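Undergrad: Provided herewith is a single structure, encoded as structure tokens, for subsequent inquiry.
The values are calculated or read from the model by the stated rules, or taken from the named source; none is laboratory data. Bear in mind that the values here come from a model prediction, so they are computed numbers and not experimental data. Heads up, the Cβs are rebuilt from the backbone with ideal geometry, glycines too, and the neighbour counts pull from every protein chain shown. The accessibility values were calculated without ligands, DNA or RNA, using every heavy atom of the protein model including side chains. Shrake-Rupley method; radii C 1.70, N 1.55, O 1.52, S 1.80 Å.
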Amino acid sequence: MLSYALRRLISLALSLAVASLAIFLVVEVAPGDPAGFMLGTGAQPDTVAALRAELGLDQPKLERYLSWAGGMLSGDFGTSYTYRTPVAGMVADRLWVSLPLALYALALSTLLAFPAGLYAAARRGRAGDVAVMGATQLGIAVPNFWFAMLLVLLFSINLGWFSAGGFPGWSDPLAAIKALTLPAFALALPQAAILARVLRSSLIDVLGEDFIRTARAKGLTRFQALWRHGVRNALIPVLTIVGLQFSFLLAGAIIIEQVFFLPGLGRLIFQAISQRDLIVVESVVMLLVFAVILVTFLTDLAYAWVDPRLRRRR
Amino acid sequence: MIRRLVPGAVLSALFVLAALVSYVWTPGDVTGVDIASKLQPPSPEHWLGTDHLGRDLLAMLMVGARTSIAVALVAVGIGMAAGVPLGLAAAAMRGTLLDEVIMRGNDLVFAFPSLVIAILITAIAGPGAVNAIVAIGIFNIPVFARLTRGAALALWERDFIMAARVAGKGAPRISAEHILPNVTNLLIVQGTIQFSLGILAEAALSYVGLGAQPPVPSWGRMLAEAQTLTAIAPHVALMPGLAIVLMVLGLNLLGDGLRDVLDPRLRDLRT
């Protein structure tokens, strides 16, 4: 297990290095000079040159890349061109909204999907299965930001149970969780629908295996056999989807933050784009990509834990 | 068997038809402003009501369907045009450095969610439908490359491929003449799924202002404009959302139906 984890760790480091280079190169080809943009069209060339020097934009590209990537490794993301404050601090403040939101949605998605998938698999071909599958088909088709608007219409405007937007901060954890509940539900629904379908399909495959037949022959009910012997064996494709979903949830959070006016990474990145604060854009994108690569790495380790055969195969 | 295709095909065809009809006729003007008629509920005059500028919602949805379909369709085309040859090459050169480079490159692109790619592209080139197409298209490439490689790998072990090799055919010719026709069904089914995902992605990008720009109507931007109006005119937000749901649902059902028709073995594996 240790050598497998080490191999995956090397792969993780390589992926991060290539991703950081790709992001830097893509942002570097962006037309427009941030210094010129900040000072406006009437700025004198020597003023623009002085600001470029101050921001470090006059350095060779390779030097800038190494400085940016090396800085990120030590937690120094550089200084925002617009606000002149450390990017790391700005990102950390916003991360306290976006990350809990994505994790909250992931938890909700799993909580909704497992009972639905188990129930549908146990009732395969019957009315309950058809109803669950119909509901998941609909869930997959619903855009999460539209579902968010419907939730606001029902629970905020009509019933008044939740606020329609904004975030009170973590000084009052209950209020913060309450503010993230509708956004998390909106994010979780389509993912829960996908997860439930994958779980059902995976469980149905496992139900046809000999060991389940043996368990049934020993007197276990269909549901007991499914719960005790089926779920762990059906977990591998489910783990893949849960891992993939994290990236969708983080990216989806960027959109949902717009619906609920949440001060997360999404708001930060859109502000940074409009202000051509490229160092913030590349840092936030790198952070999102890092999260996805890290989750993929953890998912691979989880595979190896669930199914020891995979450690040898890879 | 064909009956399984009907619900999805009918729903999808309705939207394609509406988009095509909008080139010659719409029930109202989508660019003109008629403040006197703003936010009207559905009526015989305006079947789906009007928006905050008095524009007919049905007309907006019909023209918006053109944007959604065009963006998603071209994005699927980009994904297939680049992903399928990459997948075929990786399978033909399986186990070599080329295979490894293609697959690791795919993994890397997968690490960038389509929205993140769109944000990067917007940071460089500004928002617009073309940039949305590129962003969604890039995300489609690894999907098709992986699918093609996976299916092709199994085919390379089959006897008829061995026969082709004995006959002296090279890997590129075998890939084009024998592998590709045998993975086409899978590609059609996946293409339908990616098409529906493209509709959702285009709507999301337009919603945050990264997709089609005014005055071109798009379903996502209609929702963005309706957001502050949900309390006083819920229909303005309901109609575009329902259009997206029905179109995506239709495409997903069509994909399921096609899978059943084109590859009955997969029917029981449906997820």
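Undergrad: If I filter the stretch A:231-240 for residues that are modelled with pLDDT of 80 or more and either out of contact with any Leu (no Cβ under 7 Å at 6 or more places or on another chain) or under 24 Å from A:Asn144 (Cα atoms) (or both), do I get at least one hit?
TA: Yes, that holds for at least one residue.
Undergrad: Do we find a residue being in contact (Cβ under 8 Å) with a residue 40 or more places away in the chain, at the interface with chain B (Cβ under 10 Å from one of its Cβ atoms) and of a type in the set (Phe, Trp, Tyr) anywhere in the stretch A:269-280?
TA: For the stretch A:269-280, residues in contact (Cβ under 8 Å) with a residue 40 or more places away in the chain, at the interface with chain B (Cβ under 10 Å from one of its Cβ atoms) and of a type in the set (Phe, Trp, Tyr): absent.
Undergrad: In the stretch A:82-95, is there at least one residue being open to solvent by less than 50 Å² (accessible area, probe 1.4 Å), within 14 Å of chain B (Cβ to nearest Cβ) and modelled with pLDDT of 90 or more?
TA: No, that holds for no residue.
Undergrad: Then there's this: Could you identify the single residue in A:Phe270, A:Phe248, A:Phe211 that is more than 29 Å from B:Leu120 (Cβ to Cβ), surrounded by fewer than 24 Cβ atoms within 10 Å (Cβ to Cβ) and not hydroxyl-bearing (Ser, Thr, Tyr)?
TA: A:Phe211
Undergrad: Under 9 Å between Cβ atoms, at least 6 apart or on separate chains: pull out the pairs that start in the stretch B:157-173 with a residue that is under 18 Å from B:Pro85 (Cβ atoms) and end on any residue that is assigned to a loop (DSSP other than H, G, I, E, B).
TA: Filtered contacts from the stretch B:157-173: B:Ala171/B:Met93.
Undergrad: While we're on this one: Which ones in the stretch A:3-19 are open to solvent by less than 60 Å² (accessible area, probe 1.4 Å) and either within 18 Å of B:Asn106 (Cβ to Cβ) or at the interface with another protein chain (Cβ under 9 Å from one of its Cβ atoms) (or both)?
TA: A:Arg8, A:Ser11, A:Leu12, A:Ser15, A:Leu16, A:Ala17, A:Ala19
Undergrad: Now for a different question. Of the residues that sit in the stretch A:280-298 and are more than 24 Å from A:Leu180 (Cβ to Cβ) and open to solvent by 20 Å² or more (accessible area, probe 1.4 Å), which one is modelled with the highest pLDDT?
TA: A:Phe297
Here is a yes/no grid of residues against (1) over 17 Å from the mean Cα position of the chain (by Cα); (2) surrounded by 16 or more Cβ atoms within 10 Å (Cβ to Cβ); (3) closer than 24 Å to B:Leu223 by Cα:
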site: B:Arg3; (1), (2), (3): yes, no, no
site: B:Ala9; (1), (2), (3): no, yes, no
site: B:Val24; (1), (2), (3): yes, no, no
site: B:Pro42; (1), (2), (3): yes, no, yes
site: B:Leu48; (1), (2), (3): yes, yes, yes
site: B:Leu57; (1), (2), (3): yes, yes, yes
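Undergrad: To continue, here is another question. Which condition does A:Arg94 not pass, out of (1) basic (Lys, Arg); (2) in a helix (DSSP H, G or I); (3) more than 27 Å from the chain's Cα centre (by Cα), if it passes all the others?
TA: Status for A:Arg94: all satisfied but (3).
Conditions tested, residue by residue: (1) touching a residue at least 60 places away in the same chain (Cβ under 8 Å); (2) β-branched (Val, Ile, Thr).
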position	(1), (2)
B:Ala75	yes, no
B:Ala91	yes, no
B:Gly95	no, no
B:Asp107	no, no
B:Ser114	yes, no
B:Val130	no, yes
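Undergrad: Related question: Search the stretch B:137-160 for residues being among the aliphatic types (A, V, I, L, M) and open to solvent by 10 Å² or more (accessible area, probe 1.4 Å), and hand back the single one that is modelled with the lowest pLDDT.
TA: B:Ala154
Undergrad: For the subset of the stretch B:164-223 comprising residues that are more than 14 Å from chain A (Cβ to nearest Cβ) and among the polar types (S, T, N, Q), which member is farthest from B:Gly79 (Cα to Cα)?
TA: Step by step, filter the stretch B:164-223, then rank; the result is B:Gln213.
Undergrad: Looking only at the stretch A:20-54, count every residue that is more than 27 Å from A:Leu287 (Cα to Cα), open to solvent by less than 70 Å² (accessible area, probe 1.4 Å) and modelled with pLDDT of 80 or more and tell me the total.
TA: 4
Undergrad: From the list B:Arg265, B:Arg221, B:Arg270, which one is of a type in the set (D, E, K, R), over 15 Å from the mean Cα position of the chain (by Cα) and at pLDDT 90 or above?
TA: Matching residue, one of B:Arg265, B:Arg221, B:Arg270: B:Arg221.
Undergrad: Of the residues A:Ala188, A:Ala184, A:Ala196, A:Ala164, only one is at the interface with another protein chain (Cβ under 10 Å from one of its Cβ atoms) and within 18 Å of A:Gly266 (Cα to Cα); which?
TA: A:Ala164
Undergrad: Hey, which of the helices (runs of 4 or more DSSP H) in the stretch A:170-260, taking only ones fully inside, have at least 3 residues that are among the polar types (S, T, N, Q)?
TA: A:173-207, A:231-260
Undergrad: Residue check, A:Gly71 against (1) within 26 Å of the chain's Cα centre (by Cα); (2) open to solvent by 50 Å² or more (accessible area, probe 1.4 Å); (3) of a type outside the set (A, V, I, L, M, F, W, C), all met but one. Which one?
TA: A:Gly71 satisfies all of (1) within 26 Å of the chain's Cα centre (by Cα); (2) open to solvent by 50 Å² or more (accessible area, probe 1.4 Å); (3) of a type outside the set (A, V, I, L, M, F, W, C) except (2).
Undergrad: Exactly one condition in (1) in a helix (DSSP H, G or I); (2) touching a residue at least 60 places away in the same chain (Cβ under 8 Å); (3) more than 14 Å from every other protein chain (Cβ to nearest Cβ) is false for A:Phe77; which is it?
TA: (1)
Undergrad: Go over the candidates A:Gly243, A:Gly219 one by one and state the one that is under 18 Å from the mean Cα position of the chain (by Cα) and either more than 10 Å from chain B (Cβ to nearest Cβ) or open to solvent by 20 Å² or more (accessible area, probe 1.4 Å) (or both).
TA: A:Gly243
Undergrad: Is it the case that B:Met93 is of a type outside the set (Ser, Thr, Tyr), touching a helix residue (DSSP H, G or I) at 6+ places or on another chain (Cβ under 9 Å), open to solvent by 50 Å² or more (accessible area, probe 1.4 Å) and modelled with pLDDT of 90 or more?
TA: When the stated conditions are applied, B:Met93 passes them.
Undergrad: Report the residue count in the stretch A:158-181 for those that are free of Cβ contacts under 8 Å to residues at least 12 places away in the same chain, loosely packed, with under 13 Cβ neighbours inside 10 Å and among the hydrophobic types (A, V, I, L, M, F, W, C).
TA: 3
Undergrad: Scanning for something more than 14 Å from chain B (Cβ to nearest Cβ) and within 16 Å of A:Arg276 (Cα to Cα), does the stretch A:23-30 turn up at least one residue?
TA: Within the stretch A:23-30, none of the residues are more than 14 Å from chain B (Cβ to nearest Cβ) and within 16 Å of A:Arg276 (Cα to Cα).
Undergrad: Something else about it: If you check B:Leu180, B:Leu223, which single one turns out to be open to solvent by 10 Å² or more (accessible area, probe 1.4 Å) and in a helix (DSSP H, G or I)?
TA: So the residue among B:Leu180, B:Leu223 that is open to solvent by 10 Å² or more (accessible area, probe 1.4 Å) and in a helix (DSSP H, G or I) is B:Leu180.
Undergrad: Which one of these is part of a helix (DSSP H, G or I), touching a Gly at 6+ places or on another chain (Cβ under 8 Å) and open to solvent by 10 Å² or more (accessible area, probe 1.4 Å): B:Val109, B:Val134, B:Val130, B:Val189?
TA: Criteria check complete, one pass: B:Val189.
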